[in-house]
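Below is one structure, written out as C-alpha cells; comments come after it.
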Amino acid sequence: MNNGALNIGVLLGLVWLLPLMSKLIPLRNFVLLSWIGLYPFVGGYLFLGGRFGEELGLVHGAMTCLALAFLVILYANWILSALGKKGLNELFVPLVSRLVERRIHLFSFVAVWLLVALVIALGLSQVSLEPVPIERWGGLFLTFIIAGFAITMAIPVGVILALGRRSKLPVIHWLSMTVIELVRSVPLITVLFMAVTLLPIFLPADMEFNKLTQVLVAVCLFAGAYMAENIRGGLQAIPKGQYEAAATLGLGYLHTMVLIILPQALRMMIPNIMTSFISLLKDTTLVSIIGLFDIMLMARNIANDKDWVGMHTEPLVMISVLFFILCYSMSQYSLNLEKRLKVDR
Amino acid sequence: MTTSSGNLAQKAVTETAIKIDNLNKWYGDHHVLKDVSLDISEGEIMVVCGPSGSGKSTLIRSLNHLEEYQEGVVSVFGQPLSRDRQSHKIIHQTMGMVFQNFNLFPHLTVLQNCTLGLTWLRKMSERDADKMAMRLLDRVGIAHLATRYPGQLSGGQQQRVAISRSLAMEPKIMLFDEPTSALDPEMVKEVLDVMIDLAKTGMTMVCVTHEMQFARQVADRVVFMADGEIIEVGPPEQVLVNPQWDRTREFLQHIL
Ligand SMILES: Nc1ncnc2c1ncn2[C@@H]1O[C@H](COP(=O)(O)OP(=O)(O)OP(=O)(O)O)[C@@H](O)[C@H]1O
Ligand SMILES: [Mg+2]
C-alpha cells in the first residue's frame, strides 16, 4: 500500500480540525461543516492514489482542489488574524465592491477560493501517486473509514430525515417516514446485502459503483435513520416558547432550526447520540460478511495462514481489547462533553 | 414619582399604531374572543387586565400572529395584516414581545441572545451588534452579566435580558404578556422599573398585567376583559378607581 499518501491523508484530516480549538477563527461551525463536506474528497484522492485528473474523474478532482484551497485559506486566515491582519478572503473586497452591491464579502471569498483552487489544480496536475485499487484496502484502516464515514454522515442525514418527518408537506413527511421506518425495521446485515446485490440492479448498467461505495451508502442510510429518531426525540423536548421567541425576533424556519432549535436538541441528546456512535463502530465489523477485508476478516484469515494455523483466540482477544479501548474512550468523551456543556445552562 | 405620567398628555397629534377591528376567535366551539375592537395610538401605554381565562393572552398574541384568528382585521400603522410574507415583515419590523416565562435561548450567552437578530437578520457586523446590545443591557442594568448564560441568572435578570433582546430589533410597539407573573415578589420591581423607563421614551406598549400600581402610574388607558369581551376601556382613574361595571368592581376587589 502507498503508505506516504495514506499517512498524509489521515494527518490532513486532523489538521483540518485543529482550527476548531482556536477562538481567532470566525464562524467555527463552518469549519466542522467543511470537514464533513469537503475533506472526504481529499482523503479519497490520497487513499486511492493514481494520476491526478485521469483516474479520479473531473468532479472528484475539482472538489479535491476546492477542498485543499479551503484548507489553505483557513490556515492563512488563522495566521493572519493571529498577526492582527485582515483575512485572506478579504483580498478582493475593494475589487468586488465595484461590481456588486450586496454580499461583497461572500463574493470576495468565493473569488479568492477559486483562485487558490486553480493554483492548486495546476500544481496537482504534475503529481502522480501510485494507484491503489479499492480491493486492496483492508484491516483497521477500512474499519475506521467505514465507521468514520457513518459517524460523520449520521448527524446531517439524521437531521434532514428528522426535520423531513416533522414537515407539514405530505410528500416530504411520508418519504422521510418511509425511509426511517423501513431502514429501522431490518437488520444492518440485510441493508448491506441489499446495497451490494440489489442496488446495481436498479441503477443504469453503465453506472458502476465499487463495493465500498455501496457499503458506505448503506451504512450511512442505516446510521442516519437511527440518528433521525434520536434527534426527533430531542426536537420534541424543546418548549414551544423557543419557537415563539424566535418567531417574534423575525427568524425564519431555517434560522430558527439552525441557530435555536437544533443546537439545543443535539446537546440534549448527546448520551443517546454517543451510544449510537459506539454501536455503529461495532456494527461495521459486519462488512466482513459481504467480503470486505476489514479487521474481523483479517483476523479470521490469520488462522488460515500456514504459519499460524489454528490461531483463533489470539487475534480475537486482540480485537476485543482494541474495540474496548475505542468504545470506552468514546463514552468517556461523551461524559466529558456533557459535563462541559452543562455549565452553559 | 408622578401619577399618571401618560405620554399622550404631551403629544398633540397621534397616529393609530394598532387598530383591532371585530376580532373573533374560536377554539373548536369555545368562543375565546368575541367581537373585540380597540384602537391603540402611537406612544400610548395600554394595560390589559381581567380574570384568568378571559382571553388576554389570546388577544395580545393575535396582534403578532402567534395565534390565528378566524374573523376580524388587525392593522398596524394603517396596514391591514394578513398571513402573507409582507405582513410578517411588518410585524417583525414593528413589534417586539416579552413573555411570561422569558423564553431566552439557554444555549447562548446574554449578549448572544441580544445580538442574534442583529447579526443574522440585520447583517450587522459583530462589533456593531455587540456595542448596541451592551448599550441596551447597560440601560436595564445588567451589562456586567453579558457573558453569563440565562440559566445562571435570577428571574428578574432574565426578564430584563428578554426586554433588551426585543429592544435590540428596534420595535415601535412592545407587547408584554404578564412579564412579572413568574417572578418572586422582590424581583417584580426591577422589571417594572425597566418598563416604566421604557414608557417614558414614548414607546407604544400593550401590557397584560395584574400590577395595578404600574397601571395607575404609567397607563394611558386600561382595558378590562372578561369571557373574551372587552367590558370596559378608559383612563386608569376611571376603570380602576371608579369602575362602571359590576364585573370590573368584583375583579378589582379580588386582586387589591
Ligand atoms: N390551545 C388552546 N386550546 C383550547 N383552548 C384554549 C387554548 N389556549 C387557550 N384556550 C382557552 O382560551 C381562553 C382564553 O385563554 P387565554 O390564555 O387568552 O386567557 P388569559 O386571559 O390569558 O388567562 P391567564 O390570565 O390565565 O393567562 C381560555 O378559556 C382557555 O381555556
Ligand atoms: Mg395569559
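Return the total of residues in region B:191-209 being under 14 Å from B:Pro236 (Cβ atoms) and within 15 Å of ligand 1 (Cβ to nearest atom).
Of the residues in that region, 2 qualify.
What's the number of the condition B:Ala146 fails, among (1) surrounded by fewer than 22 Cβ atoms within 10 Å (Cβ to Cβ); (2) under 21 Å from A:Glu244 (Cβ atoms); (3) more than 13 Å from every other protein chain (Cβ to nearest Cβ); (4) aliphatic (A, V, I, L, M)?
Condition (2) is where B:Ala146 drops out.
Do the conditions hold for A:Gln264, that is, is it within 14 Å of chain B (Cβ to nearest Cβ), touching a Phe, Trp or Tyr at 6+ places or on another chain (Cβ under 9 Å) and either among the charged types (D, E, K, R) or surrounded by fewer than 20 Cβ atoms within 10 Å (Cβ to Cβ) (or both)?
Answer is no for this residue.
State which residue pairs qualify: first residue away from ligand 2 (no atom under 16 Å from the Cβ) and inside region B:35-56, second residue in a loop (DSSP other than H, G, I, E, B) and of a type in the set (Phe, Trp, Tyr) in any location, beta carbons under 9 Å apart, and separation of 6 or more residues or different chains.
B:Glu42/B:Phe77
I need a count of the residues in region B:59-84 that are free of Cβ contacts under 8 Å to residues at least 60 places away in the same chain, within 14 Å of another protein chain (Cβ to nearest Cβ) and closer than 26 Å to B:Phe251 by Cβ.
Number of matching residues: 3.
Would you call A:Phe109 open to solvent by 40 Å² or more (accessible area, probe 1.4 Å) and either small (Gly, Ala, Ser) or more than 30 Å from A:Arg300 (Cα to Cα) (or both)?
Spelling it out, A:Phe109 is indeed open to solvent by 40 Å² or more (accessible area, probe 1.4 Å) and either small (Gly, Ala, Ser) or more than 30 Å from A:Arg300 (Cα to Cα) (or both).
Just name the residue that is farthest from the other protein chains (Cβ to nearest Cβ) out of those in region B:154-164 that are in contact with a Lys or Arg (Cβ under 9 Å, 6 or more places away or on another chain) and of a type outside the set (Ser, Thr, Tyr).
Applying the filter and picking the extreme gives B:Gly156.
Check B:Lys25 against each of (1) closer than 26 Å to B:Ser164 by Cα; (2) at pLDDT 95 or above; (3) within 16 Å of ligand 2 (Cβ to nearest atom); (4) in contact with a Lys or Arg (Cβ under 9 Å, 6 or more places away or on another chain) and name the one condition it does not meet.
(1)
Residue under question is A:Val321, and the condition is that it be under 28 Å from A:Met194 (Cβ atoms), more than 13 Å from chain B (Cβ to nearest Cβ) and assigned to a helix (DSSP H, G or I); does it hold?
no
Among the numbered criteria (1) touching a Gly at 6+ places or on another chain (Cβ under 9 Å); (2) open to solvent by less than 60 Å² (accessible area, probe 1.4 Å); (3) within 14 Å of another protein chain (Cβ to nearest Cβ), which one does B:Thr115 miss?
Status for B:Thr115: all satisfied but (1).
Look through A:Leu259, A:Leu297 and report the one residue that is modelled with pLDDT of 90 or more and either within 22 Å of the chain's Cα centre (by Cα) or away from chain B (no Cβ under 14 Å) (or both).
Among A:Leu259, A:Leu297, only A:Leu259 is modelled with pLDDT of 90 or more and either within 22 Å of the chain's Cα centre (by Cα) or away from chain B (no Cβ under 14 Å) (or both).
Give me a count of the residues in region A:135-160 that are among the aliphatic types (A, V, I, L, M) and open to solvent by 20 Å² or more (accessible area, probe 1.4 Å).
Counting residues in region A:135-160 that are among the aliphatic types (A, V, I, L, M) and open to solvent by 20 Å² or more (accessible area, probe 1.4 Å) gives 8.
Is there a residue in region A:293-308 that is closer than 25 Å to A:Ile151 by Cβ, assigned to a loop (DSSP other than H, G, I, E, B) and out of contact with any Pro (no Cβ under 6 Å at 6 or more places or on another chain)?
Yes, the conditions are met somewhere in region A:293-308.
Is it true that B:Gly228 is of a type outside the set (A, V, I, L, M, F, W, C), within 13 Å of ligand 1 (Cβ to nearest atom), out of contact with any Phe, Trp or Tyr (no Cβ under 9 Å at 6 or more places or on another chain) and at positive phi?
yes
Okay, residues lined up against (1) modelled with pLDDT of 95 or more; (2) open to solvent by less than 10 Å² (accessible area, probe 1.4 Å); (3) within 9 Å of ligand 1 (Cβ to nearest atom); (4) not in a helix (DSSP H, G or I):
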| residue | (1), (2), (3), (4) |
| --- | --- |
| B:Ala9 | no, no, no, no |
| B:Thr14 | no, no, no, yes |
| B:Ala17 | no, yes, no, yes |
| B:Gly43 | no, yes, no, yes |
| B:Ser52 | no, no, yes, yes |
| B:Ile60 | yes, yes, yes, no |
| B:His65 | no, no, no, yes |
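Tally up the residues in region B:149-166 that are open to solvent by 20 Å² or more (accessible area, probe 1.4 Å) and farther than 17 Å from B:Leu183 by Cα, please.
Going through region B:149-166 one residue at a time, the tally reaches 1.
Please verify whether A:Leu24 is modelled with pLDDT under 75, among the hydrophobic types (A, V, I, L, M, F, W, C), assigned to a loop (DSSP other than H, G, I, E, B) and surrounded by fewer than 20 Cβ atoms within 10 Å (Cβ to Cβ), treating the condition exactly as stated.
Here the answer is yes, as A:Leu24 does meet what is asked.
Starting from region A:212-225, take each residue that is crowded, with 23+ Cβ neighbours inside 10 Å and list its partners that are hydroxyl-bearing (Ser, Thr, Tyr) and in a helix (DSSP H, G or I), counting only C-beta distances under 8 angstrom and pairs at least six apart or across chains.
That search, which allows pairs on different chains as well, returns A:Val219/A:Thr284; A:Ala223/A:Ser276.
Given the criteria touching a helix residue (DSSP H, G or I) at 6+ places or on another chain (Cβ under 6 Å) and either in a loop (DSSP other than H, G, I, E, B) or hydrophobic (A, V, I, L, M, F, W, C) (or both), does A:Val258 qualify?
Spelling it out, it is not the case that A:Val258 is touching a helix residue (DSSP H, G or I) at 6+ places or on another chain (Cβ under 6 Å) and either in a loop (DSSP other than H, G, I, E, B) or hydrophobic (A, V, I, L, M, F, W, C) (or both).
Out of A:Ala246, A:Ala237, which single residue is within 13 Å of chain B (Cβ to nearest Cβ) and crowded, with 20+ Cβ neighbours inside 10 Å?
A:Ala246
The values are calculated or read from the model by the stated rules, or taken from the named source; none is laboratory data. Bear in mind that the values here come from a model prediction, so they are computed numbers and not experimental data. Here the Cβ is made from the backbone with ideal geometry for all residues, glycine too, and neighbour counts use every protein chain on show. To get the accessible areas, we keep the full protein, side chains included, count just its heavy atoms, and leave off ligands, DNA and RNA. Shrake-Rupley method; radii C 1.70, N 1.55, O 1.52, S 1.80 Å.
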